[in-house]
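No lab work stands behind these numbers, since they all come straight from the coordinates. Keep in mind the model is a prediction, meaning the values are calculated, not measured. A quick note on method: Cβ atoms are made from the backbone with ideal geometry, for glycine too, and the neighbour counts reach across all protein chains shown.
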Amino acid sequence: MERRVFFGNFFHSLSFQRSESVLNGFIAIEDGKIVAVGEKSSYETWNHPNKKDFEEVQLTETQFFLPGFVDTHIHAPQVPNIGLGLDKPLMEWLNEYTFPLESQYKDKNFAKHVFNKVVRRTLNSGTTTASYFGTIHKDACKVLADEALAMGQRAFIGKVSMNQYSPETYVETFEESIKDNIEVIEYILSLKSDLLSFIITPRFAITCSMDLLKQLAVIADKYKLPIQSHISENLDEIKFTMELFPGHDNYAQVYDVAGLLTNKCIMAHAVHLTDDEVKLFAERGTSVAH
Ligand SMILES: [Zn+2]
């Protein structure tokens, strides 16, 4: 069992409202878990049956600890395109830059090459937890899970689902989507890691039929999984969504009718939510990654 105690400066949050900075403190870690924190002066009186086995590490004056960052929305396959196409509105940007790049991840080696860098780079920046959008490809999503596991990042792995209004080279059928989602879910379960979880990931309502959205909600419920998607980033997107799903009061209701707005759901952007939609999110306990 690994036991270490670090001496130095750190800050952490005790709750959403309270943070604490500790100058000259200690953090004791046993088997990957923090077992005690406090002022260095209180270390002498700290009781632990195996205290003598803790390896002592002193931080330098310019080093400090802080809690890991949590990225609630990151598209792992898009990292090679960071900064490209910012002049384009959402739908054009997807078609010109994003879909052509994402379709390349059917090549497992390409996926490994990029995802290794993505996990390494986010960890190097202090992101210890990330909620990833992958691509539609099951093998690429397994690679992303493998990379996160190998490097010890807490990761939510999302196989993107999209069975309509997508390019011919980057689309799946309803049946393929369901089969591949379940295959990746079972794969991640087989890894038996507390750090990894699958996350149900319809790209957004436009690229999913209502049948698919509903079936994804059924799978989320069956396996008790979190959910992530996008909503109301752009006015054209909202208009098109309402045309594709007539009879709904608003965009959020499309997801709600499908059963996807749960208290384990993160919806990204939410720039143009109406008051009714905000109320619905609050009722369902759905979160926003803005
Ligand atoms: Zn996104």
Take each of the peptides 85-98, 193-206, average the number of other beta-carbon atoms within 10 Å over its residues, and list them starting from the highest. 193-206, 85-98
Can you give me the distance in nm between label points at residue 240 and residue 90, each placed 7 Å from the Cα along the Cα-to-Cβ direction? 0.9 nm
Tell me the label-point distance for the pair residue 182, residue 61, using the 7 Å Cα-to-Cβ offset, in nm and rounded to one decimal. 6.3 nm
By average Cβ neighbour count within 10 Å, what is the ranking of 77-84, 264-271, 152-159, 108-115 from highest down? 152-159, 264-271, 108-115, 77-84
Provide the gained length on full extension for the span residue 52 to residue 40, in nm with one decimal, where the gain is 0.36 nm per separating residue minus the Cα-Cα distance. 2.7 nm
Pull out a ≥ b ≥ c, the square roots of the eigenvalues of the alpha-carbon gyration tensor of segment 77-179, then state rounded if a/c is under 1.5, prolate if not and a/b is larger than b/c, and oblate in the remaining case. oblate
Long-range amide H contacts for residue 25: which residues qualify at under 5 Å (H placed 1.01 Å from N, peptide plane, sequence gap of 5 or more or a different chain)? 8, 9, 10, 40
Relative to the present Cα-Cα distance, how much length would full extension add between residue 7 and residue 214 at 0.36 nm per residue of separation? 69.4 nm
Expected output is a single nm value to one decimal: the length gained when fully extending between residue 233 and residue 21, i.e. 0.36 nm times separation in residues minus the C-alpha distance. What is it? 72.6 nm
Each residue of segment 223-234 in turn: what ³J(HN,Hα) in whole Hz from Karplus with 6.51, -1.76, 1.60 and θ = phi - 60°, glycine and Pro shown as x? 9, 6, 9, x, 9, 9, 6, 10, 8, 6, 7, 8
Sticking to Cα atoms, compute the Rg of segment 3-65 to one decimal and its Dmax as the biggest Cα-Cα distance, whole number, in Å. 11.8, 36
Which peptide among 129-135, 212-218 comes first, and what is the full order, when sorted by highest mean count of other Cβ atoms within 10 Å? 129-135, 212-218
